[in-house]
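Structure first, commentary second.
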Amino acid sequence: MTTAYNPNKGAQGGAADTTATGAVGAQGAAGQETSGGFRQPESAAPGVTPGHILDAAEPNRDEVRMKDMWGYQKDHMNLVSPLNRRKFTVLVVGTGLSGGAAAAALGELGYNVKAFTYHDAPRRAHSIAAQGGVNSARGKKVDNDSAYRHTKDTVKGGDYRCRESDCWRLAIESVRVIDHMNAIGAPFAREYGGTLATRSFGGVQVSRTYYTRGQTGQQLQLSTASALQRQIHLGNVEIFTHNDLMDLVITEKDGKKHCEGIVTRNLITGEIVPFTGHAVILATGGYGNVYHKTTLAKNSNSSAMMRAYERGAYLASPAFIQFHPTGLPVNAKWQAKTTLMSESLRNDGRIWTPKEKGDDRDPKDIPEEERDYFLERRYPAFGNLVPRDVASRAISQQLNAGYGVGPLHNSAYLDFTDAIERLGEDTIRERYSNLFEMYEDSIGDDPYKVPMRIAPTVHFTMGGLWTDFNEMTSIDGLFAAGECSWTYHGANRLGANSLLSASVDGWFTLPFTVPNYLANHLGEEVLPEDAPEVTEAVNRAKDTIEQIMSVNGTEPHGPEYYHEQLGDILYEHCGVSRTVEGLTEGIQKIRALRDDFRANISIPGSPNEMNQTLEAALRLADYINLGELMCIDALDRDESCGAHYRMDHLTEDGEAERDDENWCFVSAWEPAGEGEFIRHAEPLYFDSIPLMTRNYK
Ligand SMILES: Cc1cc2nc3c(=O)[nH]c(=O)nc-3n(C[C@H](O)[C@H](O)[C@H](O)COP(=O)(O)OP(=O)(O)OC[C@H]3O[C@@H](n4cnc5c(N)ncnc54)[C@H](O)[C@@H]3O)c2cc1C
């Protein structure tokens with residue numbers, strides 16, 4: 001294998017050496033695997049060993065262009081005949097937009113589905129909180145949009161650290177998502193003439209975001225939950241509410257791991273119960289709450305994802321975290337979370353800070369020439385609608401340089417004065433009324449009269465379980481969907497692409513790829529519940545609880561005490577910008593925090609009843625390990641890309657500088673003992689969207 005690795009070869013020869021999922025390449029001179037000229041760099045992070053080269057299982061990569069792969073794959077997939085479908089049991093964990101859709105679709109197709117959520121009803125999933133909109137390149141407008149442009153914006157927005165073929169699927173299926181969601185009840189906003197209305201989100205120059213006022217997630221989630229409820233009513237889906245995933249049932253056949261079940265804890269009774277099935281889908285949402293104060297629902301967590309990681313499902317790019325530029329600033333130490341102001345506001349709001357440091361005048365008294373509309377100044381082509389990573393970085397730079405406003409000088413203005421003058425207050429009210437009300441309720445200022453104050457805050461996780469083109473993890477039979485998987489968004493997600501990805505996964509990908517997997521297992525019974533692997537998983541779950549409940553330290557503290565500290569460490573050391581020294585220090589601090597947590601975590605009550613302190617402590621044990629891995633990933637990835645902004649890798653004008661020669665791959669992590677990690681790698685190839693430097697100027 002002597003050819004140099006060329007990420008731009010794409011369909012024309014960049015294929016890995018084998019075609020099986022999770023496959024390895026040839027051995028290089030130093031004993032390291034190589035594939036298509038690709039070889040992993042060594043790591044500067046402690047405890048990291050390069051592992052295998054992963055194959056994405058894209059179909060026929062030598063002949064099929066990436067843009068055609070999804071169509072080709074669908075044409076060539078295995079099918080399960082309608083009469084055989086009820087012989088298969090599929091377990092779906094999570095009933096948000098992605099899991100709810102997958103469960104409803106597989107139920108409708110005739111599979112025997114069991115759906116699990118820790119909520120008291122499927123509709124309560126975090127997806128209900130999404131505000132701004134959902135993207136689709138339906139091209140009904142005359143602004144020259146297309147699937148190509150949508151794919152290009154997504155790949156470029158993700159700073160070329162995503163899989164192009166996945167992004168094509170996202171764009172192609174986006175058209176069906178809008179029509180489907182409309183058909184099952186999402187009341188999208190319409191133009192006066194009746195056509196569906198759109199608006200723009202960051203990182204694009206077209207208007208492709210469909211919305212239902214500032215409640216798009218709510219309407220998509222309610223429509224999906226209704227479709228799921230229908231399947232429950234028909235008996236195709238059995239729902240298990242208040243059930244928290246504690247572990248996975250893993251079997252080994254022919255040297256490969258298979259997922260054949262889950263173990264849950266009933267959050268009301270504390271009962272630990274196993275369920276077995278032919279396939280398991282994890283759709284358990286994003287892990288942003290590792291940072292403590294974030295825009296996510298307080299209950300969103302990383303535990304199911306971390307359990308999969310511990311059992312052998314690789315975890316991709318955990319350090320790729322999205323800081324949303326228009327969060328509400330932190331106003332007090334005891335604030336429990338941060339709140340999102342939707343990106344849609346950047347359509348009409350202008351972001352600025354005073355030109356003078358520490359200028360505490362009322363914003364109305366600061367004349368136009370003394371204001372710095374820094375996004376418009378630095379990025380004239382995209383202005384206030386640059387992608388989130390670029391906007392968050394620019395705002396943070398203003399704040400760090402002393403231009404922040406508000407009592408703690410930790411925010412920038414988002415000002416609607418011009419838009420109200422141009423369009424009238426009624427139009428602005430029609431577009432954003434609920435967001436303006438929410439702002440006034442939270443901050444106490446009326447944004448029709450006083451500019452909003454905003455600041456970057458943790459919002460979304462681009463990293464997640466590594467999946468192949470069929471959305472299967474590195475464990476056979478274990479699929480991942482929605483925000484808990486790494487798919488589509490690379491190093492930075494574009495606004496309104498996540499409700500889309502959750503919908504595409506749940507409605508239009510897994511209903512094909514799961515049957516494609518199941519077809520090879522026809523005639524196999526589900527694992528009996530007394531199989532040794534099931535008993536082992538149940539015992540593991542019980543032992544974990546027993547161990548954490550029995551800690552009896554000399555300086556007892558509840559989980560919140562540790563969570564706040566972990567959040568502070570991560571915001572400081574693995575935040576909007578990162579340094580080698582900061583990350584190294586962050587890893588040490590997290591390890592010290594873990595020692596303290598293990599010695600002193602204190603949980604009152606019993607595990608055999610509702611015990612929310614126990615739930616929080618279990619979440620925290622996972623967050624601490626995840627936080628450590630995030631810092632390791634950020635230290636290991638010796639480049640800047642998207643939201644991963646390393647101060648030692650900047651262009652002359654301070655933008656993120658990628659290193660495509662060495663780092664054009666996805667890192668997929670496997671644990672190898674405490675403080676030890678294996679970094680597997682999937683080299684990335686680009687076909688229709690050749691690698692180039694991002695430029696929003
Ligand atoms: C405030 C806010 C606004 C947003 N606005 C937008 C927007 O306008 N447009 C956009 O595209 N994206 C938006 N996003 C992102 C988007 O909402 C999410 O990425 C998406 O909804 C995630 O859907 P999901 O199906 O992956 O997970 P979720 O909706 O989070 O669902 C997770 C499910 O998993 C279950 N679960 C989790 N852990 C366990 C466990 N251990 N055991 C059992 N069940 C479990 C939960 O009960 C739940 O049912 C926004 C995000 C936030 C925070």
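The values are calculated or read from the model by the stated rules, or taken from the named source; none is laboratory data. All of these numbers come straight from a predicted model, not from anything done at the bench. Here the Cβ positions follow ideal geometry from the backbone for every residue, glycine too, while neighbour counts run over all protein chains shown.
So the values come out like this:
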| item | result |
| --- | --- |
| Odd one out for residue 460 among (1) in contact with a helix residue (DSSP H, G or I) (Cβ under 9 Å, 6 or more places away or on another chain); (2) closer than 26 Å to residue 113 by Cα; (3) among the aromatic types (Phe, Trp, Tyr) | (2) |
| Index of the failed condition, residue 184 passing every other in (1) closer than 30 Å to residue 660 by Cα; (2) away from the ligand (no atom under 15 Å from the Cβ); (3) not polar (S, T, N, Q) | (1) |
| Tally of residues being within 19 Å of residue 560 (Cβ to Cβ) and either within 8 Å of the ligand (Cβ to nearest atom) or not in a loop (DSSP other than H, G, I, E, B) (or both) across the stretch 291-328 | 9 |
| Residue selected from the stretch 552-570 under the condition touching a helix residue (DSSP H, G or I) at 6+ places or on another chain (Cβ under 6 Å) and touching a residue at least 60 places away in the same chain (Cβ under 8 Å), by the criterion farthest from residue 389 (Cα to Cα) | 559 |
| The one condition in (1) more than 13 Å from the ligand (Cβ to nearest atom); (2) in contact with a strand residue (DSSP E or B) (Cβ under 9 Å, 6 or more places away or on another chain) that residue 334 fails to fulfil | (2) |
| Residue identified as in contact with a helix residue (DSSP H, G or I) (Cβ under 9 Å, 6 or more places away or on another chain) and closer than 19 Å to residue 45 by Cα among 613, 544, 584 | 584 |
| Selection status of residue 677, within 19 Å of residue 321 (Cβ to Cβ) and aromatic (Phe, Trp, Tyr) | yes |
| Residue within the stretch 329-341 that is of a type in the set (D, E, K, R) and part of a loop (DSSP other than H, G, I, E, B) present | yes |
| Test for residue 489: is it in a loop (DSSP other than H, G, I, E, B), at pLDDT 95 or above and within 16 Å of the ligand (Cβ to nearest atom) | yes |
| Yes/no for residue 346 being basic (Lys, Arg), within 16 Å of the ligand (Cβ to nearest atom) and either surrounded by fewer than 19 Cβ atoms within 10 Å (Cβ to Cβ) or closer than 20 Å to residue 206 by Cβ (or both) | yes |
| When residues of the stretch 606-649 are limited to those that are out of contact with any Ser or Thr (no Cβ under 7 Å at 6 or more places or on another chain) and free of Cβ contacts under 8 Å to residues at least 40 places away in the same chain, the one nearest to residue 659 (Cα to Cα) | 639 |
| Cβ pairs under 7 Å, 6+ apart, first in the stretch 489-516 and touching a residue at least 12 places away in the same chain (Cβ under 8 Å), second within 7 Å of the ligand (Cβ to nearest atom) and among the aromatic types (Phe, Trp, Tyr) | 493/460; 498/460 |
| Residues of the stretch 88-132 that turn out to be closer than 17 Å to residue 184 by Cα and not charged (D, E, K, R), as a count | 17 |
| Flag if residue 189 is within 15 Å of the ligand (Cβ to nearest atom), modelled with pLDDT under 95 and within 18 Å of the chain's Cα centre (by Cα) | no |
| Meets criteria (acidic (Asp, Glu), in a loop (DSSP other than H, G, I, E, B) and modelled with pLDDT of 95 or more) for residue 58 | yes |
| Counted residues, the stretch 113-122 - those being near the ligand (Cβ under 7 Å from one of its atoms) and surrounded by 24 or more Cβ atoms within 10 Å (Cβ to Cβ) | 4 |
| Residue tally, condition aliphatic (A, V, I, L, M) and modelled with pLDDT under 95, over the stretch 400-427 | 1 |
| Every residue from the stretch 495-511 that is outside any helix (DSSP H, G or I) and either modelled with pLDDT of 95 or more or near the ligand (Cβ under 6 Å from one of its atoms) (or both) | 496, 497 |
| Hey, residue 125 within 11 Å of the ligand (Cβ to nearest atom), under 30 Å from residue 260 (Cβ atoms), of a type outside the set (Ser, Thr, Tyr) and buried (at least 18 other Cβ atoms within 10 Å of the Cβ) or not | yes |
| Residue selected from the stretch 170-190 under the condition assigned to a helix (DSSP H, G or I) and aliphatic (A, V, I, L, M), by the criterion surrounded by the fewest Cβ atoms within 10 Å (Cβ to Cβ) | 183 |
| Residue match in the stretch 429-446 (condition: assigned to a strand (DSSP E or B), within 16 Å of the ligand (Cβ to nearest atom) and either under 28 Å from the mean Cα position of the chain (by Cα) or in contact (Cβ under 8 Å) with a residue 12 or more places away in the chain (or both)) | no |
| Some residue of the stretch 281-289 being in contact with a Ser or Thr (Cβ under 6 Å, 6 or more places away or on another chain), part of a helix (DSSP H, G or I) and more than 9 Å from the ligand (Cβ to nearest atom) | yes |
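The rows are residues; the columns are (1) under 23 Å from the mean Cα position of the chain (by Cα); (2) not in a loop (DSSP other than H, G, I, E, B).
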{"position": "356", "(1), (2)": "no, no"}
{"position": "369", "(1), (2)": "no, yes"}
{"position": "376", "(1), (2)": "no, yes"}
{"position": "384", "(1), (2)": "no, yes"}
{"position": "390", "(1), (2)": "yes, yes"}
{"position": "396", "(1), (2)": "yes, yes"}
{"position": "399", "(1), (2)": "no, yes"}
{"position": "407", "(1), (2)": "no, no"}
